[in-house]
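These notes concern the structure reproduced below.
The values are calculated or read from the model by the stated rules, or taken from the named source; none is laboratory data. All figures in this text were calculated on a predicted structure; none of them were measured in a lab. In this analysis, Cβ positions are derived from the backbone assuming ideal geometry, glycine residues included, and neighbour counts consider all displayed protein chains.
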Amino acid sequence: MHPTDSADHYRTPMEIAWQFDYAIDIQKLRDLYAKAKRQQWDAEQLLDWNQTIDPSKPLVDDRQSAVMQIPFMQRLDAKRRAAFNAHNTAYTLSQFLHGEQGALMVAAQQVHAVPDYEAKLYAATQAMDEARHVEVFERYVRKLAEIYPINGTLKALIDVTLKSDHWVKVCIGMQMVIEGLALGAFHNMRRVTTDPLLRQIVESVLRDEARHVAFGNVYVREAIRDMHDDDREDVAQFAFEAMRYMVEANGGGRRRGQVNMPDPTYTRVLENSDIDPADFVRGIMDALGEGFRPSRAVGALHSFRDLMMPSLVRVGAVTPRTRALFAEAQIRIYDDTATLEALEDADFEVRPGTDDHENPTAGRA
Ligand SMILES: [Fe+2]
Ligand SMILES: [Fe+2]
């Protein structure tokens, strides 16, 4: 698919599961479904869409951005820095929008593929949540410069999830990997944005996402535990490959320190900000070469370390066999679930740990 195509079509091998016993066996899922019904909200009523965005004010606080700390970016004139802030934010929010559309389709896939009755009911609420998230981000992004195309890494991760052949893989790809990425990004956007409407949108979305993460934990953990060893390894392999893909696409793991040319969709952000993409990449490489490490903003969440990895470990999607694969690929395994658990309690004031390998290009994903 070319990044500027307006549509993409493909077939998937997903197994469909009817369930005629209508039995509620998993009380936690029933509770989650009840909670999801209670917490539905209408973006039309909850949010004040008449609020205007102040064009003279940057949408996010520059001082909190890892990319803006690179000496090359610091040397740019004020006009270009302001343009970069606006376009980079529009790019990030466009990825939220596309990611939510992916989440909507994956949630629908869960409805037909999960084997249990109460899980189908719950998954239907998640589909509605994701529809609402598409709605709010689409509406907000239209207030900005433009909707940027979907980032290649994000598209590949969602596609690999949608094309997988087992509902547990769908849950891992979506609820743990992609939503882990999204949750970290939403949480950080909530922290750095100067716009009250955007903060309100992100907070409302985060409340829903907390339930989505909880579903992955409650439901997938039991399924993996009860699996035949071969199936468990198949699922663990899927989790490993998704994580390796994501880490390497962001210049981490065994390829650490390598700086890729920005995703073709990101080049437009640079061009619209009058920054030469080659200079930008050189600026990052020089900074890394000089041992530059962005100081981590207080309260920032690290999706990989705080959310994705701990959620995979917690449900049993990392096996002794794949631990060795992670080690070989030089991808560190984190299993501290404190941040994850704080998030599931729908408490936005999660306490992140200390960072040890933030990548200045990671924010582009
Ligand atoms: Fe969502
Ligand atoms: Fe979600």
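Where in the stretch 1-77 are the helices (runs of 4 or more DSSP H), entirely inside, with at least 3 residues that are of a type outside the set (S, T, N, Q) and either over 30 Å from A278 (Cα atoms) or modelled with pLDDT under 90 (or both)?
Hits in the stretch 1-77: 27-38, 43-46.
Answer yes if at least one residue in the stretch 92-113 is more than 16 Å from ligand 2 (Cβ to nearest atom), under 20 Å from the mean Cα position of the chain (by Cα) and more than 22 Å from M308 (Cβ to Cβ), and no otherwise.
The answer is no; no qualifying residue exists.
When the stretch 141-157 is examined, which residues are found to be under 15 Å from G102 (Cα atoms) and in a helix (DSSP H, G or I)?
Within the stretch 141-157, G152, T153, L154, K155, A156, L157 meet the criteria.
For the stretch 292-344, give me each residue that is at pLDDT 90 or above, surrounded by 17 or more Cβ atoms within 10 Å (Cβ to Cβ) and of a type outside the set (A, V, I, L, M).
P310, S311, R314, G316, T319, T322, F326, Y334
Going residue by residue through the stretch 238-245, is there one that turns out to be within 14 Å of ligand 2 (Cβ to nearest atom) and buried (at least 23 other Cβ atoms within 10 Å of the Cβ)?
The answer is no; no qualifying residue exists.
Among the helices (runs of 4 or more DSSP H) lying completely within the stretch 177-251, list those that include at least 3 residues that are modelled with pLDDT of 90 or more, more than 18 Å from the chain's Cα centre (by Cα) and within 21 Å of W167 (Cβ to Cβ).
The qualifying helices (runs of 4 or more DSSP H) are 221-225, 229-249.
Determine, yes or no, whether V141 is modelled with pLDDT under 95, surrounded by fewer than 24 Cβ atoms within 10 Å (Cβ to Cβ), more than 16 Å from ligand 1 (Cβ to nearest atom) and not charged (D, E, K, R).
Taking the combined requirement at face value, the residue does not satisfy it.
So which residues in the stretch 158-176 are in a helix (DSSP H, G or I) and either buried (at least 22 other Cβ atoms within 10 Å of the Cβ) or within 14 Å of ligand 1 (Cβ to nearest atom) (or both), if there are any at all?
Passing the criteria: I158, T161, W167, V168, K169, V170, C171, I172, G173, M174, Q175, M176.
Kindly evaluate Q101 against the criterion of being among the polar types (S, T, N, Q) and at pLDDT 95 or above.
yes
What's the number of the condition D195 fails, among (1) within 16 Å of ligand 1 (Cβ to nearest atom); (2) over 16 Å from E100 (Cβ atoms)?
(1)
Consider Y117 carefully, then state whether it is away from ligand 2 (no atom under 12 Å from the Cβ), closer than 30 Å to D279 by Cα and aromatic (F, W, Y).
no
Given the criterion surrounded by 10 or more Cβ atoms within 10 Å (Cβ to Cβ) and within 30 Å of P264 (Cβ to Cβ), identify the matching residue among L47, L29, L59.
L59
Contact list please: Cβ distance under 6 Å, first residue in the stretch 192-219 and within 16 Å of ligand 2 (Cβ to nearest atom), second residue modelled with pLDDT of 90 or more and polar (S, T, N, Q), pairs at least six apart or on different chains.
Qualifying pairs under 6 Å: H212/Q126.
Would you be able to tell me the number of residues in the stretch 62-100 that are buried (at least 19 other Cβ atoms within 10 Å of the Cβ) and among the charged types (D, E, K, R)?
Residues flagged as buried (at least 19 other Cβ atoms within 10 Å of the Cβ) and among the charged types (D, E, K, R) within the stretch 62-100 amount to 1.
Of all residues in the stretch 86-138, count the ones that are of a type in the set (A, V, I, L, M) and more than 12 Å from ligand 1 (Cβ to nearest atom).
11
Tell me, yes or no, whether the stretch 83-101 has at least one residue that is without any contact (Cβ under 8 Å) to a residue 24 or more places away in the chain and either of a type outside the set (V, I, T) or under 19 Å from E135 (Cα atoms) (or both).
Looking for residues that are without any contact (Cβ under 8 Å) to a residue 24 or more places away in the chain and either of a type outside the set (V, I, T) or under 19 Å from E135 (Cα atoms) (or both), one finds none in the stretch 83-101, hence no.
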